[in-house]
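K.L.:
Got a structure here, written out as structure tokens. Questions coming.
Bear in mind that the values in this text are calculations on the coordinates, not laboratory data. These numbers were taken from a predicted model, which means no experiment stands behind them. Here Cβ is always computed from backbone atoms with ideal geometry, including for glycine, and neighbour counts include all displayed protein chains.
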Amino acid sequence: MKITELPVTEPLKEVMLRSGIVELYPPQEEAIQAGVLEGKNLVLATPTASGKTLIAELCGLKHILERNGKVIYLTPLRALANEKFDEFKKYTSIRKTNGKRVSIGISTGDFDSSDPWLERYDVIITTNEKADSLLRHRAKWLEDISLIVADEVHLLNAAERGPTLEVVLARLMQVNPEIQILALSATINNVEEIANWLKANYIITEWRPVSLKEGVLLHEEIQYKDGDARKIDKKTRNTAINLVLNTVKKGGQALVFASTRKKSVTLAKKIAEHTSKVLAKPIRRTLAHEAEKVLSAGERTRISETLAGLVKSGTAFHHAGLAGAHRRLIENLFRQRKIKVLTATPTLAFGVNLPARTVVVQDYRRWEPGYGYYPISVLEYKQMAGRAGRPKYDKVGEAVLISKTADEADYLMDSYILSRPERIWSRLAVEKIIRGHVLATIASDFAHTENGIYDFFGKTFYAYQYDVKAIKSLIAKILKYLYDEEMLELSGENIFATKFGKRVSELYIDPVSAVVIRNSLKCKPAYLTELSLLHLIAHTPDMGPMMRPYARELDEIAVLMEEHKDEFFTEMPNEWNDHIAYEEFLGEIKTAVVLKSWIEEMSEEKLIERFRTQPGDLYRTIENAKWLLHATHELARLLGNKEILPLASELIERVTKGIKKELLPIVKLEGIGRVRGRIIYSAGYKTIEDIKHAPLDSLTNLPLIGPRLAKKIKEQVGGFVKKETWEKLEKGEEWKQKALTEY
């Protein structure tokens, strides 16, 4: 089917034609024939790059332009939300019947807000968690949603993210029974079951724009699924590297999946030793320039220096430990085909769209705490393999598993390449997971009786697979806990959330975290300090994985714990009575000390080196700390604990920026962070008034400032800049840049 034949408006056709889309792929045509543009629910399970997003775009624009509807696009990751936001922006040139342009909004943070500003957008892109938060706040505009797009719907199977997606879908269907659902996935075994739950049609196909060859590499030979085989040149003793070099020499790109972050970095370094020798001089010059961008994005650390060095060789690594700015740079360079080889952890397979000619699965086993090394699922392998083949660049993509012996090669062929993905199962029936959703059902007025609660959970995928009776005893146990902890109250058969329970639900924290905070605030420590609050939030389950102390740190942290014992809200466990609790407490102390070092302006490089952490883990801890400090502040205000409020407010700002108290006024200025703020303060400009009266050229001459930022600072503080002064500085800067370029 040609684009010109689609039953959509002409302006929409024009945008697609300008984008180079002339004809639909077969799966896209099937989706149209299945009635997706007529408002019918659909589960679209087709391989990566087969055009699922285009169907979502067509369907969404149909709702907006012809039905005066509104679209919510759900993604599991912020990175994926940003990617979809960029893809949808091309439609903002289209005008609706009221003359206004189609508008695209995105919201992935701040879980304590209904974001009323989102009401003015036609397409709203969010993460599953943000959508859940908006539902808890009963955002009024959610009632206007006429289409839900649920991307990566197979993640219903994920222990952490799956239940939230499941509840959000069930809740949106409850809010608007007439809503249309479009669920997208590359790999689902039990598509029919998910489709029946969603009352949807389904399409499942293996069609791909680039055909896929799957095989197993043993020594220097790849055996393919179809019985074909081919030899690769032996350049090193590492077969994975030989395969990668073979791909790069033929003008392709390779994506190599390793089991851990450490292995992905080590492998990237080994590959870079060889790729640097096969790159042409022009691309090496380009990569040298891109490497400088890596170094200038954020603070300079060993990790950024390692990454920049690899980029010069056309290689990089990608994992959750990287800073966000570095991840985005690497992703863009790979999409632009400047980076030839990317080593990554498997999380990449479930997120952003980064296809490569060759996908190499280096390890098929993962470290599982309590189990040791454990084989990955077929679903996970198929997700990784699906990244093989770049549309427009490759005729064939290949996904290759690495084996060491003939027996292992046979096992990999039978267990992964020739196998179907496992069934998707609901993961909702876990107390820790469902606890907050039970509270939210009552606190957000979705149900006010025990039967009403069971009715709602009877609409979930879990109830469809197992029957709601299987979860009733767990819900009853949670209701008792919430009642005992004064989050719920009874009035006859009716159940209502208390002010405490409602606020806990809105704050999007685990009720257990709320109980920890509330109980701690009742018993003030002998000395209330920054460490008091930082340890309190580290003591909650919502802080996530603790920064566990290494053996060489144990004594140092134990001494620090003893020295500061009068500052903690909670009692220290006895090492000999409960060794596990004692070690967990030490991990909480370490997490608090890392945060304390951050707000004392310890550099990222020193933090990484001293505490053996990584930027991504540090940023995750900082984000969680901001969220939990806000929750602590709000619960303290609700409970009337006024003494906590000033310290909590101050710490939220300091943790956000990573600064000492004296920099708080300065970093409120746009363009000023912890490093520039300290430079300005150290130069003697300690207040906004000082900056207001500072000569423009004095600010300009400070490191990392320059004339444009100096002018911007002066404008923000109300300082006057003479026209001739600005022109003189601007000319001087232009002359300096010209001299540097010529040099």
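K.L.:
If you rank Lys668, Lys277, Lys590 by fewest surrounding Cβ atoms within 10 Å, what's the result? Walk me through the numbers before you get to the answer.
P.N.:
Details: Lys668 13, Lys277 9, Lys590 24.
So the residues, fewest neighbours to most, are Lys277, Lys668, Lys590.
K.L.:
Take His633, His579 and order them by how many other Cβ atoms sit within 10 Å, fewest up front. Kindly include the intermediate steps, with their values, before the conclusion.
P.N.:
Values: His633 21, His579 11.
Listing His633, His579 from fewest to most nearby Cβ atoms yields His579, His633.
K.L.:
In whole Hz, with x marking every Gly and Pro, tabulate ³J(HN,Hα) for region 104-112 from phi via Karplus 6.51 cos²θ - 1.76 cosθ + 1.60, θ = phi - 60°.
P.N.:
Coupling constants for region 104-112: 10, x, 9, 8, 10, x, 6, 7, 10 Hz.
K.L.:
Which three semi-axes in whole Å describe the equivalent ellipsoid of region 592-706, each the square root of 5 times a Cα gyration tensor eigenvalue, listed largest first?
P.N.:
Values: eigenvalues 160, 82, 19 Å².
Those come to 28, 20, 10 Å.
K.L.:
Residue by residue through region 177-191, which ³J(HN,Hα) values in whole Hz follow from phi under the Karplus form 6.51 cos²θ - 1.76 cosθ + 1.60 (θ = phi - 60°), with glycine and proline marked x?
P.N.:
Karplus-based 3J(HN,Hα) across region 177-191 equals x, 8, 4, 8, 10, 10, 9, 10, 6, 8, 9, 9, 7, 8, 4 Hz.
K.L.:
Say each of Lys225 and Ile688 gets a label point 7 Å from the Cα, pointing the same way as Cα to Cβ; how far apart are those two points in nm?
P.N.:
Each label point lies 7 Å from its Cα, and together they span 6.2 nm.
K.L.:
Separation between the Thr97 and Lys642 pseudo-spin-labels, each 7 Å from Cα along Cα→Cβ, expressed in nm?
P.N.:
With each label point 7 Å from Cα toward Cβ, the separation is 5.6 nm.
K.L.:
Arranged from highest to lowest average of other beta-carbon atoms within 10 Å per residue, in what order do the peptides 50-60, 90-100, 18-28 appear?
P.N.:
Working: 50-60: 23.6, 90-100: 13.1, 18-28: 15.8.
Put in order of decreasing packing, that is 50-60, 18-28, 90-100.
K.L.:
How much length, in nm to one decimal, is gained on full extension between Glu14 and Leu704, taken as 0.36 nm per residue of separation minus their Cα-Cα distance?
P.N.:
Details: separation 690, 0.36 × 690 = 248.40 nm, distance 4.52 nm.
Full extension from Glu14 to Leu704 adds 243.9 nm.
K.L.:
Take region 431-503, drop everything but the C-alpha atoms, weight them equally and run the Debye formula without solvent; then report log10 I(q)/I(0) at 0.19, 0.20, 0.25 Å⁻¹ to two decimals.
P.N.:
-0.70, -0.78, -1.19
K.L.:
Next question. What residues qualify as long-range amide H neighbours of Asn190, i.e. H under 5 Å apart, gap of 5 or more or another chain, H built at 1.01 Å from N?
P.N.:
Amide H neighbours of Asn190: Ile424.
K.L.:
In Å, what is the Rg of the alpha-carbon atoms in region 511-658, and how long is Dmax?
P.N.:
When restricted to the Cα atoms of region 511-658, Rg and Dmax are 14.5, 42 Å.
K.L.:
Once you have the Cα-Cα distance between Glu563 and Ser377, take 0.36 nm times their residue separation minus that, and quote the gain in nm to one decimal. Mind dumping the intermediate values first?
P.N.:
On the way: separation 186, 0.36 × 186 = 66.96 nm, distance 4.72 nm.
This chain segment gains 62.2 nm when fully extended.
K.L.:
Calculated FRET efficiency, Trp117 and Ser649, Cβ-Cβ r, R0 30 Å, to nearest 0.05? Kindly include the intermediate steps, with their values, before the conclusion.
P.N.:
Numbers: r = 24 Å, r/R0 = 0.79.
That pair, Trp117 with Ser649, gives E of 0.80.
K.L.:
Report, please, the projected area of region 79-157 averaged over directions, based on the convex hull of its C-alpha atoms, in nm². All intermediate terms of the calculation are to be shown ahead of the outcome.
P.N.:
Numbers: hull surface 23.5 nm².
Directional mean of the projected Cα hull area for region 79-157 stands at 5.9 nm².
K.L.:
I would also like to ask the following. Could you compute the net charge surrounding Glu431? Neighbours are other residues with a C-beta less than 11 Å from the C-beta of Glu431; K and R count +1, D and E count -1. Don't skip to the answer; put the middle values down first.
P.N.:
Numbers: positive: Lys432, Arg435, Lys477; negative: Asp510.
Computed value for this residue: +2.
K.L.:
Then there is this: What list do you get for Trp425, Trp141 if you sort them by fewest beta carbons within 10 Å?
P.N.:
On the way: Trp425 15, Trp141 18.
Neighbour counts put them in this order, fewest first: Trp425, Trp141.
K.L.:
What is the projected area of the convex hull of the Cα atoms of the chain, averaged over all directions, in nm²?
P.N.:
Numbers: hull surface 147.0 nm².
Projected area, direction-averaged: 36.7 nm².
K.L.:
On a full-extension model of 0.36 nm per residue, what is the gain between Arg365 and Arg67, subtracting their alpha-carbon distance, rounded to one decimal in nm?
P.N.:
Values: separation 298, 0.36 × 298 = 107.28 nm, distance 4.90 nm.
Net length gain for the segment: 102.4 nm.
K.L.:
As an exercise, use a Förster radius of 41 Å and the Cβ-Cβ distance of Ser276 and Lys89 to find the FRET efficiency, rounded to the nearest 0.05.
P.N.:
Values: r = 36 Å, r/R0 = 0.89.
Step by step, r from the Cβ atoms, then E = 0.65.
K.L.:
Still on this structure: At a Förster radius of 51 Å, what calculated FRET efficiency corresponds to the Cβ-Cβ distance of Asp445 and Lys606, to the nearest 0.05? Please report the intermediate quantities before stating the final value.
P.N.:
On the way: r = 49 Å, r/R0 = 0.97.
For Asp445 and Lys606, the calculated efficiency is 0.55.
K.L.:
Computed over the Cα atoms of region 211-417, what is the ratio Rg over Rh, Rh following Kirkwood?
P.N.:
Values: Rg = 16.4 Å, Rh = 17.1 Å.
Dividing the radius of gyration by the Kirkwood radius yields 0.96.
K.L.:
Another question, if that's okay. Within the set of other residues whose C-beta is less than 13 Å from the C-beta of Phe257, count the net charge using Lys and Arg as +1 and Asp and Glu as -1.
P.N.:
+4
K.L.:
Can you give the Rg to Rh ratio of region 3-204, both from alpha-carbon atoms, with Rh computed by the Kirkwood formula? Could you put the intermediate results ahead of the total?
P.N.:
Numbers: Rg = 15.8 Å, Rh = 16.9 Å.
Rounded to two decimals, Rg over Rh is 0.93.
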